[in-house]
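Submitted below is the structure of interest, expressed as structure tokens.
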Amino acid sequence: MKIVVLGATGQTGQYMVNQALQQGHTVTAIVRNPGKITVRHDDLKVVEADVFSADSLKAHFKGQDVIMSCLGFPTSFFSPVTGYTLSMKAVIGAMREAQVSRIVTMTAWYTEPSSGVNSSFLIRFFLLPLIRSVLNNMLEMERFLQETEDVNWTVVRPPGLRNQPASAQEFLTHEGYYVPEGGENMTTAVGRGDVARFMLALLGSNAWVKKGVAMTTK
Ligand SMILES: NC(=O)c1ccc[n+]([C@@H]2O[C@H](COP(=O)([O-])OP(=O)(O)OC[C@H]3O[C@@H](n4cnc5c(N)ncnc54)[C@H](OP(=O)(O)O)[C@@H]3O)[C@@H](O)[C@H]2O)c1
């Protein structure tokens, strides 16, 4: 397939690019700093564009099969996080213009505030308040996608991330804001390589189209 990767210079994005190339896909990595991409491959094109501008993105989306987003915007104590919604609005606008209908994007467990009651004491009272501005903007982006009827979107929600390559572990999934039987994994987290593996595996099926799926590994 012809795949666009957004956030390709990030920790999950790099696993995504490498795995996609290994699987034989043709990858266009859209980045703000091309110098950060170290991998070289005949099937990899690296382009610089603005993820907040549909005009900047649309030419690179033409002829592509799917957009995979591993974008991340850090928490700020001084201003609300807006990167998820602002970039997604530009991306969807560019997808419409370029006639690309499929996007897989990542957010996180517990974007919906009341779902946090299911997490451990430490996560509920220390971690989640710290990252609430990120989670709130992720949730707003998820709601924007839910109202986007002309696009086949999937929101992938992982728990905490650690820098580990893809494993062969079985995935646990749940249509919701966390994986109930994966509760203990929230402290141990999931490998970024496995998140990339999960997102790429979605391309071979119609599973989770127009749905949010919480995932982790067994
Ligand atoms: N940390 C966790 O435990 C955890 C848990 C669940 C979900 N998540 C979420 O999962 C996603 C991926 O996480 P990660 O740790 O792999 O992310 P990451 O390493 O921080 O990478 C973020 C990516 O977004 C790009 N980006 C940020 N601001 C941008 C901007 N203004 N314009 C263009 N590109 C921009 C970065 O580009 P540059 O390289 O140019 O900066 C980078 O490629 C994030 O949304 C994160 O919040 C994280």
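Read-outs: derived from the displayed coordinates by stated rules, not from any lab. Computed from a predicted structure; not experimentally measured. Using ideal geometry, Cβ is built from the backbone for each residue, glycine included, and neighbour counts are taken over all protein chains shown.
Stretch I37-T82 to full length: gain in nm at 0.36 nm per residue minus the Cα-Cα span?
Roughly 13.7 nm would be gained on extension.
How large is the helix-only mean residue ellipticity at 222 nm for the chain, computed as the sum of -39500 (n - 2.57) over DSSP H runs with n ≥ 4, divided by its residue count, in deg cm²/dmol to the nearest 500?
Calculated mean residue ellipticity at 222 nm is -9500 deg cm²/dmol.
Same structure again: In Å, what Rg and Dmax follow from the Cα atoms of the range 1-106?
Expressed in Å, the Cα Rg and Dmax of the range 1-106 come to 13.2, 43.
Count the net charge of all other residues whose Cβ sits under 13 Å from the Cβ of E48, scoring Lys and Arg as +1 and Asp and Glu as -1.
After counting each charged neighbour, the total is +2.
Still on this structure, I have one more. For the range 109-162, what does the alpha-carbon gyration tensor say about shape, rounded, prolate or oblate, given a ≥ b ≥ c as the root eigenvalues, a/c under 1.5 as rounded, and a/b over b/c as prolate?
prolate
Classify the range 88-218 as rounded, prolate or oblate, taking a ≥ b ≥ c as the square roots of the eigenvalues of its Cα gyration tensor: rounded when a/c is under 1.5, otherwise prolate if a/b is larger than b/c and oblate if not.
It comes out oblate by the Cα gyration axes.
What chymotrypsin sites (Phe, Trp or Tyr not before Pro) does the range 78-132 have in DSSP loop regions with at most 11 other beta carbons within 10 Å?
Hits after loop and neighbour filter: F78.
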